[in-house]
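Trainee: So that we are looking at the same thing, I have put the structure below in structure tokens.
The values are calculated or read from the model by the stated rules, or taken from the named source; none is laboratory data. Only a predicted model underlies this, so the values are computations on that prediction, with no experimental measurement involved. A quick note on method: Cβ atoms are made from the backbone with ideal geometry, for glycine too, and the neighbour counts reach across all protein chains shown.
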Amino acid sequence: MYSRAVKLAILFILLPALFGVGFGYALVNYLEIPDVKQLETYKPKSASRLYADDGTLFAEIFVEKRIPIPITEMPRHLKYAFIAIEDVRFYDHFGVDLRGIARALYRNIIKRSVTEGASTITQQLARNLYLTPQKSIKRKIEEAILAIQIERAYSKDEILNMYLNLIYLGEGAHGVEAASYTYFHKKAKDLDIEESATLAALTKSPSKLSPYKNPLRAIERRNVVLKRMYDADFINKNDYKKATQAPLALAPFKAYEKKTGYFIEYVKQVLEEYVENPQEIYTTGLNIKTTINLQMTQYAYEAIEKGILGYRKRHPNVKDLPEVALVALELKTGEIKVLVGGKDFSVSPYNRAVQAKRQPGSAFKPIIYLAALEQGYRPNDILRDAPVSFTNPYTGVVWQPKNYKNEYHGDVTLRKALELSLNTATVRLLDKVGVENVIELAKQLHINSNFEPNLSLSLGTTEIAPLDLAAAYATFARGGSYLPPIAIRTVATIDGEEKYREEAVEEPVVSPEIAYMLVDIMKGVVKNGTARSAASMPYVLAGKTGTTDDFRDAWFIGFSPNLLCAVWVGYDKKINLGNRESGATAALPIWIDFMSKALLYYPKEDFPQPMPEY
């Protein structure tokens, strides 16, 4: 019954002798104690930090979530919260607290079990850096020797700094800075007394005392820390009473990550192109300034939720609701402001905005019309909109494309054909322009898809990822020059050395005059065509709806002179959305809801006209 307590008693009685010159030297060599000077070059694995376009820290990527900071950036009450609960005589002992050992030994003997330890902060640091958590007499001796050596080599503040940057505090957070962000969305230097005590309370059992999982126990333990701080004269009576009565004011649990998960995963993929070793992304503490706008991302999720509710009302018996992808690009910079790849990243991390190639339907038509304008066609040229059929000379198979609702308009202008998304007129135009020419233009727009060289291209049968199609639209929306979608502005090391800065160069694809003609036609899609439900918005807008023949995919891609947004709605299994679930019905309402809020960030203006009225 007394065996463990007796062993500890023997150890503590012998401790003074352990550090005699001769025996201590032999013991150190026998136990193979590591050289504590290794701490001078030791670099713990550090989390990389992601910042939004306004400088807000919104996420970390890590193996161990750690953000090392100097002790000068830790408030006094934070340091003393940990000292009070873990090692109140930290500044008075030499690495091993003999008074604490005696007190713990006495209490363990009285209770007839080992219920209280006496490890100092320095001993804990030694254990975390060099030793295993296995409880044994040998490890306690090694821990004590290492602690004394660390104290001889480093100042108290240096030791405390290492400890507070290494200690695990739950929810994946290592160190006080990472924990401060995790629980309070603050920097450690901005923590108040009760928040500092909450973090210090986690040292005993980070999982059991997690304020997210056990708020009542977390408050109880926090108040124990505060009492220890008061008893040690680290805080005054007024601060103590005020802190113990404070509510547990936590930040929403992983709030940003839930809304930005798809963007974060995309950033990880992009980052792998910037570093020699992908592991660096998770371990070297990079500071990554990204392009995401958090408020716009919130608007996007609100619009998606509203759009899905609308779909449910139209289809009350549907069990599984469709997915939604939404991409928003700033035209003048190419920056990705929003990247949403599905309804809920925590449920399905598959990024449909980037990874899912789907048929765009009529949303591909602007590229055909752009090719026609390049060849000399003009918006008022006449096309024939009437039933048409084509026979494959090799198979004899007859293909008869049809208009939506089988409605035909006879002779129409090229402008009207695109505004009303007339299939047969577009097929005839594609036949004249040439399938190969359109495919070549699509490739110049960086659409990386497997194009089938046939006239069904006019109906958008080639599968394209939403981000690729959005970037293609952005080319003519900004005046004919392609910019790659940008997710990262700069990447810097933890010491502030810049490793990468985005310097995207515009790549001319079509002339500004040709691009403007297409945009002007697409303004008519909103004013007079398939997207006229957006015409009441107080902005100059252009865009195109997209619907596949079988109603599997619904699209709307629209833009102002400053911001473009692409919305896709569909099922992963490529099943039918339902009769008449067109781009105007399923995707456009989400686009309108999002853009009505997002466009408030930009001035109201028209597209710049590079030539006289034609």
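Trainee: How about region 483-500: which of its residues are surrounded by 21 or more Cβ atoms within 10 Å (Cβ to Cβ) and under 19 Å from Ala442 (Cβ atoms)?
Mentor: Leu483, Pro485
Trainee: Here's a follow-up. Taking Arg378 as the residue in question, decide whether it is more than 16 Å from the chain's Cα centre (by Cα), basic (Lys, Arg) and more than 26 Å from Ser481 (Cα to Cα).
Mentor: No: the conditions fail for Arg378.
Trainee: How about region 294-345: which of its residues are among the charged types (D, E, K, R) and either under 21 Å from Pro360 (Cα atoms) or surrounded by fewer than 20 Cβ atoms within 10 Å (Cβ to Cβ) (or both)?
Mentor: Once the filter is applied, which keeps residues that are among the charged types (D, E, K, R) and either under 21 Å from Pro360 (Cα atoms) or surrounded by fewer than 20 Cβ atoms within 10 Å (Cβ to Cβ) (or both), region 294-345 yields Glu302, Glu305, Lys306, Arg312, Lys313, Arg314, Lys319, Asp320, Glu323, Lys332, Lys343, Asp344.
Trainee: Can you tell me which residue is modelled with the highest pLDDT among those in region 54-101 that are in a loop (DSSP other than H, G, I, E, B) and among the aliphatic types (A, V, I, L, M)?
Mentor: Met74
Trainee: While we're here: Could you say whether any residue in region 402-413 is touching a strand residue (DSSP E or B) at 6+ places or on another chain (Cβ under 8 Å) and of a type in the set (A, V, I, L, M)?
Mentor: Yes, there is a match, as at least one residue in region 402-413 is touching a strand residue (DSSP E or B) at 6+ places or on another chain (Cβ under 8 Å) and of a type in the set (A, V, I, L, M).
Trainee: Among the residues of region 260-271, are any more than 30 Å from Thr291 (Cβ to Cβ), among the aliphatic types (A, V, I, L, M), surrounded by fewer than 20 Cβ atoms within 10 Å (Cβ to Cβ) and touching a residue at least 24 places away in the same chain (Cβ under 8 Å)?
Mentor: no
Trainee: To continue, here is another question. Go through region 458-481 residue by residue and tally those that are touching a strand residue (DSSP E or B) at 6+ places or on another chain (Cβ under 8 Å) and polar (S, T, N, Q).
Mentor: 2
Trainee: Here are the criteria: (1) assigned to a helix (DSSP H, G or I); (2) more than 17 Å from Glu323 (Cβ to Cβ). Tell me which single one Glu605 does not satisfy.
Mentor: Of (1) assigned to a helix (DSSP H, G or I); (2) more than 17 Å from Glu323 (Cβ to Cβ), only one is false for Glu605: (1).
Here's the yes/no breakdown for (1) of a type in the set (Gly, Ala, Ser); (2) over 27 Å from the mean Cα position of the chain (by Cα); (3) at negative phi:
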site: Gly460; (1), (2), (3): yes, yes, no
site: Ile464; (1), (2), (3): no, no, yes
site: Ala474; (1), (2), (3): yes, no, yes
site: Ile486; (1), (2), (3): no, no, yes
site: Ile494; (1), (2), (3): no, no, yes
site: Lys499; (1), (2), (3): no, no, yes
site: Asn528; (1), (2), (3): no, yes, yes
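Trainee: Then there is this: Does region 192-199 contain any residue that is hydroxyl-bearing (Ser, Thr, Tyr), crowded, with 22+ Cβ neighbours inside 10 Å, out of contact with any Gly (no Cβ under 7 Å at 6 or more places or on another chain) and at pLDDT 90 or above?
Mentor: Yes, there is a match, as at least one residue in region 192-199 is hydroxyl-bearing (Ser, Thr, Tyr), crowded, with 22+ Cβ neighbours inside 10 Å, out of contact with any Gly (no Cβ under 7 Å at 6 or more places or on another chain) and at pLDDT 90 or above.
Trainee: A further question on this structure: Can you find, within region 279-292, the residue that is modelled with the lowest pLDDT among those that are assigned to a loop (DSSP other than H, G, I, E, B) and within 17 Å of the chain's Cα centre (by Cα)?
Mentor: Within region 279-292, the match that is modelled with the lowest pLDDT is Gly285.
Trainee: State whether one or more residues within region 518-527 are in a loop (DSSP other than H, G, I, E, B), of a type outside the set (Asp, Glu) and more than 24 Å from Glu440 (Cα to Cα).
Mentor: No, the conditions are met nowhere in region 518-527.
Trainee: Here's a follow-up. Restricting to region 360-396, count the residues that are touching a strand residue (DSSP E or B) at 6+ places or on another chain (Cβ under 7 Å), of a type in the set (A, V, I, L, M) and in a loop (DSSP other than H, G, I, E, B).
Mentor: Adding up the residues that qualify gives 1.
Trainee: So in region 414-457, with the set limited to residues that are in contact with a strand residue (DSSP E or B) (Cβ under 6 Å, 6 or more places away or on another chain) and of a type in the set (Gly, Ala, Ser), which one is nearest to Pro360 (Cα to Cα)?
Mentor: Per the criteria, the residue is Ser449.
Trainee: Which residue is modelled with the highest pLDDT, if the candidates are limited to region 397-419 and must be more than 25 Å from Arg478 (Cα to Cα) and part of a helix (DSSP H, G or I)?
Mentor: Asn406
Trainee: Could you please find all residues in region 226-272 being small (Gly, Ala, Ser) and either within 30 Å of Asp344 (Cα to Cα) or modelled with pLDDT under 90 (or both)?
Mentor: Ala249, Ala251, Ala255, Gly261
Trainee: Within the set of pairs 6+ apart or on separate chains, which have a first residue in region 505-518 that is under 11 Å from Glu374 (Cα atoms) and touching a residue at least 24 places away in the same chain (Cβ under 8 Å), a second that is buried (at least 16 other Cβ atoms within 10 Å of the Cβ) and among the β-branched types (Val, Ile, Thr), and C-beta atoms under 6 Å apart?
Mentor: Short answer, once both residue conditions are applied: Val509/Thr475.
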